[in-house]
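Visitor: The structure is given below, and queries will be raised subsequently.
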Amino acid sequence: MAVVEAKRQRKDVSGAIDQAKRYSRSFKVWGDETLPGSPWGEFIVPFVFATNGREFLQQLRTKSGIWFCDLRRPDNLRHPLPTWYSPQGLIDTLSQDIDESHQRLEQEGFDYTLKLRDYQVKAIQSVESALAQGQSALLIAMATGTGKTKTCIALVYRLLKTKRFRRVLFLVDRTALGEQTANVFKDSRMENLQTFADIFEIKELGDTTPERDTKVHISTVQSFVKRILYPSDGTAVPTADQYDCIIVDECHRGYLLDRELSDTELTFRDFSDYISKYRRVLEHFDAVKIGLTATPALHTTQIFGEPVYTYSYREAVIDGWLIDHEPPIRIRTKLSVDGIVWNPGEVMEFFNPQTGQLDLVHAPDEVRLEVEQFNKRVVTEEFNRVVCETLAQNIDPTEPEKTLIFCATDAHADIVVDQLKKALTDQYGSVDDDAVAKITGNADKPLQLIRQFRNEVNPKIAVTVDLLTTGIDVPSICNLVFIRRVNSRILYEQMLGRATRLCDEIGKEVFRIFDAVNLYEAIAPVSSMKPVVVNPNISFEQLIQELSTVKDPAAGAEIVDQLIAKLQSKRRHLSDDRTEAIGASSGMQFQEMIEHLRSSDPLQLKEWFSSRAAIAQILDLRDGGANPVLISHHPDELRSVERGYGNAEKPQDYLDSFTAYLRENLNTIPALIVVTQRPRDLTRAQLKELRLLLDAAGYSEKTLQVAWRDTTNEDIAASIIGFIRQAALGDVLVSYEQRVDRAIAKILSSRAWTLPQRKWLERIAKQLKVETIVDIEALDRGEFKTQGGFHRINKVFVGQLKEIMTEINDALWQNVI
């Protein structure tokens, strides 16, 4: 079945595949001992291997590992494996016919019991098309809440049903996500009322190894790190063929390993260590890798490539699949605006986490801490008290909506839970003790708390750090509170994603953001070129980032000098493990690296560092135990609670800027011309394009509604079309629902309708309130389609339905007198 060409260790191994291919061509078959499907062109033996006995190392790719090539298709490329195929794996691989599988995929429809949305079908088709073109690493980017797991289940079902893959490994990085995924697999009905688990055998988190008939194995990345890199005595390391497809849910997660889980899951020394092990798990198997994420990070695209399909949050909001948010409510306090200041000579109180003691010192100079350092470098109960009192005035714990609060540390979460319970009691007279709960890795039974937050009445308010930032599905979350700063766009977007899901059960129409640390503005894009300042606190990562952006050779040389100076200082404090890790990342000894920096041109160093980003992250890690934390007793008070309208200070300024934007672009954007002159002709595609365009300019329907309410004290749920016509033409602003009711009332009174015709007009009105535009295409979908679609409805109206739809649209946008 296979040829192995063995070489000495000093020989390059990738080229030895050519010799193995020659053996396959010249192999002599005696009697009837041919393999099914042979020969494959000029090849008699289907599989070839080459090895020189060296363990695979990515930096020495062509000189190490076990190189493999499947000769049955000429476009199968040779590639390295860290381990061997099993005999059964070769037999199973030989039995697969990939060309036939792709033909079956093309013929396989989407008429499943598990109903898919249009964009989910497009995502699946994009993956299947990429597979047919030979891609082995693929990425799907879909906004949080748009059903990545559901899409994935349908995709896996199709790939297994058509025998494109034999066994799929579904990787998550948290036990809670694994449980959630397993439940969805078991509950999803695919065909003939059978669930996925009824049709294909599934192994869950507690199962370490798959069986012969297992088709899907759900597991955590951490458990496979243990199995592959740290196998216990008697535990066999998996063979390369154990899975031929790996799907990684929330595959961006390498950007941050949740330190709160260190007691229950394998901990990693640092970011680069995590990513290294994460990649080694994926590369251990000779498998197609498919990543799922809402927020691709740099390392995500390095592993999986650019997305083969993207469906953004804004598209999902405009299409009606996700909830939009109001402009953020900014909570400004005296301390958050002015900072916390100790004047020279004032007593400063420190808490030392290592000794558990309070230490008192006198400030030698003025010490000032800004809001981004609150609750990390300084504990300030006064700031948290004022914030919690403001939250209590805006969040009623008896309402069905849920709230998620993001804190800086586990200790900070404890303070917020305590202060919030006091504030809610003062505001409402009493509060259930279980209504507010800390859900972090240090809480008692965090997985059980997550399930209670999702499924039970209490807790209504969850206070967390990172545990609930990603992958947790609680549709009833309507309020997000930020009392911590984050520097990662990805982490911030994942946090926002916790509240974007629809929840019709509680009538959720929007979610609110309470921002106590000015995060909403701080996370906005900033210039990547920062001033080069000699600052002992500047990080290695920032220096290397600046080096990658400067164009002035003199500035580049200055940055290199700062790097060398910091390296010389840092080397005296590095542990042996850290020094070894830097050596592995740089490919040279520490002193050699310093000499390399000295002798290299800054432009050359840009390229050198671009593939060695881990060096900076290792150097920036702090050694030793926890740092002392300042205790602040500075009094605080509420300064203001206000909306954030981007660059506009006031809601009227925002509405004025919207009017100015329309005037500037009225004659250059075709859809705006249609809205202002011929609204009845506006198509669904034009409306979506216009919404995306306005949203990119900072003008969403929800924000315009809130700005109008804050300016006029009138709560009008007008559509984006209504706002455009009001700003551009002076139309009276009324709610879109009122416009629909008025238009249908006018049509109903215009002539004598039969009872079936009146009922259909009422149904069309109901759909108009949901979709804004109801056209022939809309009448051939959903409930309309099940009742015969446009063709049958048109018969009810004696062939006049097109003309009647035109009348409705005319009446819809006639101005109100």
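Visitor: Quick check on Thr380: is it over 24 Å from Leu630 (Cα atoms) and more than 27 Å from the chain's Cα centre (by Cα)?
Guide: no
Visitor: Now a separate question. Determine which member of the set Leu755, Leu761 is open to solvent by 10 Å² or more (accessible area, probe 1.4 Å), over 19 Å from Ile720 (Cβ atoms) and at pLDDT 85 or above.
Guide: Leu755
Visitor: Testing Lys746 on (1) farther than 20 Å from Gln814 by Cβ; (2) surrounded by 14 or more Cβ atoms within 10 Å (Cβ to Cβ), one condition comes back false. Which one is that?
Guide: (1)
Visitor: Please state which one of Leu655, Leu687 is surrounded by 15 or more Cβ atoms within 10 Å (Cβ to Cβ), of a type in the set (A, V, I, L, M) and under 18 Å from Trp813 (Cα atoms).
Guide: Checking each option against the conditions leaves just Leu687.
Visitor: Please find, within the range 137-155, the residue that is most open to solvent (accessible area, probe 1.4 Å) out of those that are assigned to a strand (DSSP E or B) and under 25 Å from Gln96 (Cβ atoms).
Guide: Ala137
Visitor: Still on this structure, I have one more. Kindly indicate whether any position in the range 49-63 is β-branched (Val, Ile, Thr) and surrounded by fewer than 20 Cβ atoms within 10 Å (Cβ to Cβ).
Guide: Within the range 49-63, one or more residues are β-branched (Val, Ile, Thr) and surrounded by fewer than 20 Cβ atoms within 10 Å (Cβ to Cβ).
Visitor: Mind telling me which of the residues Arg158, Arg104, Arg167, Arg117 ends up being open to solvent by less than 10 Å² (accessible area, probe 1.4 Å) and of a type in the set (Lys, Arg)?
Guide: So the residue among Arg158, Arg104, Arg167, Arg117 that is open to solvent by less than 10 Å² (accessible area, probe 1.4 Å) and of a type in the set (Lys, Arg) is Arg158.
Visitor: Taking helices (runs of 4 or more DSSP H) that fall entirely within the range 717-801, which contain at least 2 residues that are touching a Ser or Thr at 6+ places or on another chain (Cβ under 7 Å)?
Guide: By residue number, 720-729.
Visitor: Which of the residues that make up the range 120-136 are in a helix (DSSP H, G or I), of a type in the set (S, T, N, Q) and open to solvent by 20 Å² or more (accessible area, probe 1.4 Å)?
Guide: Hits for the range 120-136 are Gln125, Ser126, Ser129.
Visitor: Hey, can you tell me all the residues within the range 1-52 that are touching a residue at least 40 places away in the same chain (Cβ under 8 Å) and of a type in the set (Ser, Thr, Tyr)?
Guide: Ser14, Ser24, Thr51
Visitor: Give me the residue from the range 496-540 that is among the charged types (D, E, K, R) and open to solvent by 50 Å² or more (accessible area, probe 1.4 Å) and, out of that set, modelled with the lowest pLDDT.
Guide: Among residues in the range 496-540 that are among the charged types (D, E, K, R) and open to solvent by 50 Å² or more (accessible area, probe 1.4 Å), the one modelled with the lowest pLDDT is Lys530.
Visitor: Which condition number does Arg485 fail, the rest of (1) outside any helix (DSSP H, G or I); (2) surrounded by fewer than 23 Cβ atoms within 10 Å (Cβ to Cβ); (3) in contact with a His (Cβ under 9 Å, 6 or more places away or on another chain); (4) at pLDDT below 85 being met?
Guide: All conditions pass for Arg485, except number (3).
Visitor: Let me ask you something else. Do we have Thr403 as among the β-branched types (Val, Ile, Thr), more than 20 Å from Pro475 (Cα to Cα) and outside any loop (DSSP other than H, G, I, E, B) here?
Guide: Criteria not met by Thr403.
Visitor: Outside any strand (DSSP E or B) and within 27 Å of the chain's Cα centre (by Cα): is that true of Phe165 in this structure?
Guide: yes
Visitor: Please state which one of Arg742, Arg725 is among the charged types (D, E, K, R) and closer than 25 Å to Arg314 by Cα.
Guide: It is Arg725.
Visitor: Could you list, in sequence order, all residues of the range 53-72 that are charged (D, E, K, R) and modelled with pLDDT of 90 or more?
Guide: Asp70, Arg72
Visitor: Tell me the residue from Lys186, Lys203 that is open to solvent by 10 Å² or more (accessible area, probe 1.4 Å), in contact (Cβ under 8 Å) with a residue 12 or more places away in the chain and under 23 Å from Gln88 (Cα atoms), please.
Guide: Answer to the selection: Lys203.
Visitor: Name every residue in the range 429-454 that is at pLDDT 90 or above and of a type outside the set (A, V, I, L, M, F, W, C), in order of residue number.
Guide: Once the filter is applied, which keeps residues that are at pLDDT 90 or above and of a type outside the set (A, V, I, L, M, F, W, C), the range 429-454 yields Asp432, Asp433, Asp434, Lys438, Gln452.
Visitor: With the condition kept exactly as written, say whether any residue in the range 153-170 is among the small types (Gly, Ala, Ser) and within 19 Å of Glu108 (Cβ to Cβ).
Guide: Yes, there is a match, as at least one residue in the range 153-170 is among the small types (Gly, Ala, Ser) and within 19 Å of Glu108 (Cβ to Cβ).
Visitor: At pLDDT 85 or above, farther than 23 Å from Arg484 by Cα and open to solvent by less than 50 Å² (accessible area, probe 1.4 Å): does that describe Lys289?
Guide: Criteria met by Lys289.
Visitor: Right, something else. Inside the range 364-401, can you point out the residues that are of a type in the set (Val, Ile, Thr) and open to solvent by less than 50 Å² (accessible area, probe 1.4 Å)?
Guide: Correct list: Val367, Val371, Val378, Val379, Thr380, Val386, Val387, Thr390, Ile395.
Visitor: Right, next: Can you name the condition, by its number, that Ile247 falls short on among (1) in contact with a Ser or Thr (Cβ under 7 Å, 6 or more places away or on another chain); (2) at pLDDT 75 or above; (3) not in a loop (DSSP other than H, G, I, E, B)?
Guide: Failed condition: (1).
Visitor: Quick check on my filter: what residues within the range 300-357 are assigned to a loop (DSSP other than H, G, I, E, B), under 23 Å from Val706 (Cα atoms) and touching a Leu at 6+ places or on another chain (Cβ under 8 Å)?
Guide: Correct list: Trp321, Ile323.
Visitor: Sticking with this structure for a sec: Out of (1) under 43 Å from the mean Cα position of the chain (by Cα); (2) within 30 Å of Ala584 (Cα to Cα); (3) not charged (D, E, K, R), the odd one out for Ala6 is which?
Guide: Unmet condition: (1).
Visitor: Is one or more of the residues making up the range 774-789 of a type outside the set (Phe, Trp, Tyr) and either over 43 Å from the mean Cα position of the chain (by Cα) or under 30 Å from Thr712 (Cα atoms) (or both)?
Guide: Within the range 774-789 (the criterion being of a type outside the set (Phe, Trp, Tyr) and either over 43 Å from the mean Cα position of the chain (by Cα) or under 30 Å from Thr712 (Cα atoms) (or both)), the answer is no, since none of the residues qualifies.
Visitor: What about Ala16, is it out of contact with any Lys or Arg (no Cβ under 6 Å at 6 or more places or on another chain) and surrounded by 14 or more Cβ atoms within 10 Å (Cβ to Cβ)?
Guide: The answer is no for Ala16.
Visitor: Turning to a different aspect of this structure: All but one of (1) surrounded by fewer than 17 Cβ atoms within 10 Å (Cβ to Cβ); (2) modelled with pLDDT of 90 or more; (3) of a type in the set (A, V, I, L, M) hold for Leu193, so report the exception by its number.
Guide: Condition (2) is where Leu193 drops out.
The values are calculated or read from the model by the stated rules, or taken from the named source; none is laboratory data. These numbers were taken from a predicted model, which means no experiment stands behind them. Glycine also receives a Cβ, built like all others from the backbone with ideal geometry; neighbour counts cover every protein chain displayed. What goes into the accessible areas is simple: the full protein's heavy atoms, side chains included, and nothing from ligands, DNA or RNA. Shrake-Rupley method; radii C 1.70, N 1.55, O 1.52, S 1.80 Å.
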